[in-house]
Amino acid sequence: MDSARRLGPAQIDVLAQLAVATVLLGGIYALIAVGLTLIFGIMRVVNFAHGEFLMLGMYLAFWAFALYAVDPYVVVLVSIPVFFVVGLVAYVLVMRGVIQASHNVQIFTTVGLSVVLQNVALVAWSGDFRFVRPWHLSTVIRAGATIFNLTQVVAFLIAVALTIALVAFMKWTHAGRVMRATAQDRDAATLMGIDTDRVYRLTFAIGIAAVGAAGVLVAPLYSVYPTAGLQFVLISYVVVVLGGLGDMFGAMLGSFIVALVEVAGSYLFGTAWKEIFYFILFILVLVFRPVGLFGQRGAETLGV
Amino acid sequence: MSRATLTIIVATLALVLGGEPAAVRGQSPAGEYKIGVLEPLTGPLAFEGKRHMEGLEVVRDLINERGGVMGKKLVFAVADATDPTAAASEANRLITREGVKIITGTFSSRLCGAASEVAARHNVIYWESSCVDPRFNKRGLKYVYRTEIDATGFGWYNVEFIAKHLAPRLNLKPNQLKVAFLSEDSSYGQGVTESARQRAKTEFGMQEVMLEYYNWTTLNDMTPTILKMKQLNPDVVHHIGFGNDAVLFWRQSKEQNFLFKALVHAGATGYGGGDFGKALGNDANGVFALLEPGPGFRLEALRPEGQQIEKAFREAVQKRTGTYPFGAHQLAGSGLWLLKLVLDRSKSDDPEKFNAAVMALDMPVGSMINGWGVKFSEVGQNANDRVQHYMLQWQNGQLVTVWPEEFTTLRAKWIPLGAWDQRK
């Protein structure tokens, strides 16, 4: 352990590599959390089935690769419209009925949806671990002593692009403005002639399209199996609460904070400790700043 | 007395008198002997459970071709044990409705505990062929037996391999070896790791440079762990992986160019599953996993009776599934064959006579399927050094048998592992 603690050139290299690991892992979390925070922020629905849509995205990447040898980077383009439609269908069939209901009902509904999707995947594709292995999977970029995994770099860049695109969409388009208005006050928005049902439909579809694309992008990095979503979804909630509900840049920063806590905790204290640290952080934020680190004060009561 | 009251009295009496009227069907007609079989045939464990079932059916037919058990044809009363609750209630049904006196199963450590409790309550013999939970035999239950070793046995074999095969080939004494222990945190992972640590330290004086447990379901990045290990510079990494974690560790170790001399795993999960090879292709080369024998296994190394049954078993599985037997076939099949050997001697399913026959069994390594031998301890556990296990190695997309060398035609390669791109 002594050599690990001494600060020499080798130690600086390790620090640099840990920083890279933080940023790249944070990119993956951000990619997954952006859609969740959108749905959370606009609809005020905690979508417990978020991880399962991620899993479906991973399966899309797997089958496209296994059956037709299509690279995930091509599939990701297809996945956005596909999951937009999936989101629409899920909204119409499941979410519309409970959007006015109490939070408990919404939670039961989305948890139910999550269990259904997991079991559909289990029946349709069995519980086997599947893998997507495109040629660029083990490609690494070396910069000095640090090493970047190409797939993770791409996921990171797309996460950043996606976040910026969504923020711009919310800020400068008419649809975005309507969505924000609905989030702030559902009843007033209805009085202003906004079709809130249409807004929710659109929000849910965009959120699911984002997480579906995320699933395709992370598929090469992890195994694909029916409960693969659970691996990430808990962390996504931490990220979203940390960043402030509905705040896209907040989700991005929250992702990097969670990744930093995870990487530093794993390195210094051991992997078993990482969850303890980020859940302590989670609790502290909830106690001292319930709106999240970057959320607006009072936002937590909006429309609830 | 009203009819309702009478019904209640009769029903209560029936319950008090041990539910005898419920045993409608009971044992098979003369000429057949029925045992209960509990395997997960639906649900998340079904994939492996069905393979166990195949192994059992293949060996049942082999047994019947050779005269059955106690002069009768062996038949199964099969029950689906999806989860621990179903395992317990189905065990109950097998005993009370089907009238079985022996139950075998159950593949998973999640199921064997619950099912064997029920059997023990009814004084029924419970014959476990594959669950590896170390607590299984330590609950003071009577007539509960396990033919396979438990998780601590896997740790015992791993250290045996590291000390007696790896160390000499690395030109090091066992006490010069630096070992890093890494494991997922299930009862299996902990059982293997803790017993390996203990034996490595007390018996061989190996140097433990690291011990780390993690939860594989929430593990998304192993870079921090790998960077830490890199600085500790272990010779051997003892890693019990479950699924994605094994792939992640291996892939990211390659990315970080983490060089060590060998990686040793135990069991059919993680590095020991076919998925690992599928995920990594030839990059998987060099990893060791302790398992049942695979390709390369030498029939001639077994005793004549062992050769005979191993050959018949392999051919029957090949005929039925078109492949070399999988671990699930081998565990369930050898367990059932061993049950037949016991019944041949006890000539009765009376628990006391059965127990006496089990305790009297003493067969050397190489006597039956998988080259196993038999010597049960008082708590009903077959002995580590009789239940011969084998080290398999990933070589160009296949797990092949490499140790003990007298049992195999193939040899371990890449010791030490060497540079990542040189393992071809």
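The values are calculated or read from the model by the stated rules, or taken from the named source; none is laboratory data. Because the structure is a prediction, the values reported are computed rather than measured. Cβ coordinates were reconstructed from backbone atoms using ideal geometry, including for glycine residues, and neighbour counts include every protein chain displayed. We work out accessible area using only protein heavy atoms, side chains counted, and drop any ligands, DNA or RNA first. Shrake-Rupley method; radii C 1.70, N 1.55, O 1.52, S 1.80 Å.
Things to note:
- Normalised by the number of residues in the range A:166-304, the average gap of Cα pairs under 8 Å and 6 or more apart makes the relative contact order 22 percent.
- Our compactness index for the range A:14-302, the C-alpha radius of gyration over the empirical 2.2 N^0.38 Å, is 0.98.
- In sequence order, the range B:48-54 has phi-based couplings of 6, x, 5, 5, 4, 4, 4 Hz under the Karplus curve 6.51 cos²θ - 1.76 cosθ + 1.60, θ = phi - 60°, and Gly or Pro positions carry x.
- Considering helices alone, the calculated mean residue ellipticity of chain A at 222 nm is -23500 deg cm²/dmol, with DSSP H runs of length four and up weighted by -39500 (n - 2.57) and normalised per residue.
- Sorting B:223-235, A:48-60 by their mean Cβ neighbour count within 10 Å, with the most densely packed peptide first, gives A:48-60, B:223-235.
- Cα extents of the protein assembly as shown along the three principal axes, largest first (Å): 87, 86, 48
- Across peptide A:135-141, the average count of Cβ atoms from other chains found within 10 Å of a residue's Cβ is 2.
- Heavy-atom accessible surface that A and B bury in contact, both chains counted, 1.4 Å, Å² to 100: 3000 Å²
- Principal-axis tilt of helix B:3-16 within chain B, Cα atoms, nearest 10 degrees: 50 degrees
- When chain A is treated as a GNM with alpha-carbon contacts under 10 Å, the residue of A:Gly229, A:Gly97, A:Gly292 showing the greatest mean-square fluctuation is A:Gly97.
- Taking Cα atoms only, the orientation of helix A:230-243 departs from the longest principal axis of chain A by about 70 degrees.
- Taking the helices alone, chain B has a mean residue ellipticity at 222 nm of -12500 deg cm²/dmol, built from -39,500 (n - 2.57) per DSSP H run of at least 4 residues and averaged over all its residues.
- Residues whose amide H falls under 5 Å from that of B:Asn382, counting only those 5 or more places apart or on a different chain, are B:Arg146, B:Ser377, with hydrogens built in the peptide plane.
- Extension gain, B:Lys278 back to B:Ala356 (0.36 nm per residue minus Cα-Cα distance, nm): 23.4 nm
- Cα-projected label distance for A:Arg177 with A:Leu15, points at 7 Å along beta-carbon direction, nm: 4.9 nm
- Average accessible surface for chain A: 43 Å² per residue, computed with a 1.4 Å probe over protein heavy atoms with every protein chain in place.
- Whole-Å distance, taken between Cα centres, linking the range B:287-307 and the range B:167-192: 23 Å
- Peptide-level mean, for A:218-224, of C-beta atoms on other protein chains within 10 Å: 3
- Computed over all pairs of different Cα atoms, the Kirkwood value for the hydrodynamic radius of the range A:148-245 is 15.6 Å.
- Within the range A:254-289, the residues that become at least 50 Å² less accessible when every protein chain is included than when their own chain is isolated (1.4 Å probe; DNA, RNA and ligands ignored) are A:Tyr267, A:Thr271.
- Seen against the Cα atoms of chain B and their longest principal axis, helix B:351-360 is set at about 30 degrees.
- Dividing the convex hull volume of the alpha carbon atoms of chain B by its residue count gives 149 Å³ per residue.
- Greater than 22 Å apart at Cα, pairs in B:Lys201/B:Lys424; B:Lys73/B:Lys101; B:Lys311/B:Lys340; B:Lys228/B:Lys254: B:Lys201/B:Lys424
- When you restrict to C-alpha pairs under 8 Å that are six or more residues apart and normalise by the size of chain A, the relative contact order lands at 35 percent.
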